[in-house]
Structure formats: C-alpha cells, structure tokens
Amino acid sequence: MTAYDAIVLAGGAAKRLGGADKPGIRVGGRALLDRVLAACADASTTVVVGGRRSTVRPVVWTCEEPQGGGPLAALDAGVRRTTAERVLVLSADLPFLGAGTVGALLAAGEGGRDGALCVDQQGRDQPLVAVYGAEPLRRELALLAAEHGGLSGLPLRLLTHELELARVEADPLASFDCDTWEDIASARARIREHGTVLDEWITAVKNELGIELDVDTGVLLDLARDAAHGVARPAAPLTTFLVGYAAAKASSEGDGDGDGATAVAEAARKAAALALRWADENETQ
C-alpha cells in the first residue's frame, strides 16, 4: 500500500448535539475519534484538527485559523502538517468506518486521478470520507482562498468541483456520521446487534487494556463451551482467563516464536484437550 497521511477534522460546535464534545462521545465503549483513528492506524502521520485530548494512539495536533472557521479552514491547517503524496481526510464522527473502506479509497484514488471519495446510500458525495492527492488538495485550497479572500466559513462542497475524483460505493455504513443524538442512539443500537456485538466488545476491551493482538475468538468460545459442558459452567471464564495468563507468560519468557496469537492458540489447544479428557472420565464412570 502506498504511504499516506491522515487528517481527521475534530472541531466544530456540534450545535445539533447541544454543544456536546462530539469526538469524545462513546459508541460501543470507544470515543468516536478513537474509532476513526483505528480505521487509519497505518497512516504515516495522523493530524487531528481540534482540541487536544487523550487518544488511542499518538497524533499530531493543530487548529484552524480562525478557530471555528469551518471545514475548509480546518483542512488547510491539517494539510500543512502532512508530507505524504496522498492524504486521507476524515471527519471524527464516523463510528462504522473501517480499514477496508480506507483501503478501497486508496486503491480507487490511483491512476492519475486527484483522489477518491465515498458516496453514501443516497448517492451523495462525502468529501470528509476521501483520499486526495496532496498537491491537488493544496492547489485547490489556495485557489479558493485567493478567490474568496480566505477559507473561513466557506462550504465544503466548493472543494471537489474542480478535482477529478473517483466515487467509491463502499460499506453503506462507512459514511454514517453522528450529527444528532438520534444518530448516536442509532449507532449504539447497531453496534449491539447480534452479528457484530462480540467483535465490537473484544475491540473495546483490547483498546481499554492497550492490547494489540489478533486472536481467533472462535477457538476461545469453543474452549469456553467445552469447559462449561465437560467440567462445570463456572469453569468457562476461569479457563479462558488462565489460557490468557499462560499465553502472556509464554510470550514474555520467550517460549515459542513470541507471537501472542500463536501462544493463545497453543494454550487454548492444551486446555481444550484437558476439558475433553475430563468429560470422557465422567462418561466412563
């Protein structure tokens, strides 16, 4: 993947939220801003335009001049802190944005175009879920500033008129943004749907504990089932805890290849075999 920088716009008055601190509102246990930062974790540099706060990973902070000058002024402030040839531009209120959509935008923006942007379910362009060539982006911002005597207060739609951009119809929820409390409630409800709640919970726990580890949750769920059925129901959480502890101990002591996910899988395999042997003994009595 070609190197890119990311700009996340995290300012604004959030008037439709009653002036709430929108980037800090939690959806699925994680701040909206942190969810967006996770989607662009492989950016070379990530610039957040807005008030400083604790974030899930290191970022570069800046503010637009004048403060509250709107999205184009914020974008101009952000792009001044980037160096890559391509720039991913995102708003900080996208709870369902994922790395897959970021990858699709980067791929679509190649081939001599000025970039690529997402199109929502109604066919509307989303210039704050987009990838731009840094040079065309700087050029267009400079032209707009010269034509209008500055960028403060200008509508975002002016940016894309003169740029050759690919349109990407990605995940329908990728460009879902949270402008109202109704949007927040809808996002929280969607995250708790049966098909996604487990992945969301695991991600939230890893984020809270500062863990970067891809684990096969199916293996752990199978282990919990075997322990509950073959031993006793309370054995399920206790066994998975002990597996995690054993994997961490093995990794820290240099046993195996040091891969945390592999250590978890090996510990889970041993514990699952033990649970099955335990169950077999009960059946033969």
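The values are calculated or read from the model by the stated rules, or taken from the named source; none is laboratory data. Predicted model, so just to flag it, every value in this text is computed and none were measured. Cβ atoms come from the backbone with ideal geometry, glycine included; neighbour counts cover every protein chain shown. When the accessible area is computed, the model is the full protein with side chains, heavy atoms only, and any ligands, DNA or RNA have been set aside. Shrake-Rupley method; radii C 1.70, N 1.55, O 1.52, S 1.80 Å.
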* To do: For Thr62, state whether it is free of Cβ contacts under 8 Å to residues at least 24 places away in the same chain, open to solvent by less than 60 Å² (accessible area, probe 1.4 Å), more than 19 Å from the chain's Cα centre (by Cα) and on the phi < 0 side of the Ramachandran plot.
  => yes
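Residue by residue, here is whether (1) on the phi > 0 side of the Ramachandran plot; (2) open to solvent by 10 Å² or more (accessible area, probe 1.4 Å); (3) under 16 Å from the mean Cα position of the chain (by Cα) holds:
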site	(1), (2), (3)
Val8	no, no, yes
Lys15	no, yes, no
Asp42	no, yes, yes
Val47	no, no, yes
* Asked: Quick check: is even one residue across the stretch 116-123 over 13 Å from the mean Cα position of the chain (by Cα), under 22 Å from Glu200 (Cβ atoms) and not charged (D, E, K, R)?
  -> yes
* the stretch 194-208 - residue that is over 20 Å from Ala236 (Cβ atoms) and at pLDDT below 80 and, of those, farthest from the chain's Cα centre (by Cα) -> Gly195
* Do the conditions hold for Glu182, that is, is it at pLDDT 90 or above and out of contact with any Phe, Trp or Tyr (no Cβ under 7 Å at 6 or more places or on another chain)? -> yes
* To do: Determine whether Ala227 is more than 26 Å from Thr55 (Cβ to Cβ), out of contact with any Lys or Arg (no Cβ under 8 Å at 6 or more places or on another chain) and at pLDDT 85 or above.
  => yes
* Asked: Which ones in the stretch 95-110 are in contact (Cβ under 8 Å) with a residue 24 or more places away in the chain and open to solvent by 20 Å² or more (accessible area, probe 1.4 Å)?
  -> Phe96, Gly98, Ala99, Gly100, Gly103, Ala104, Ala108, Glu110
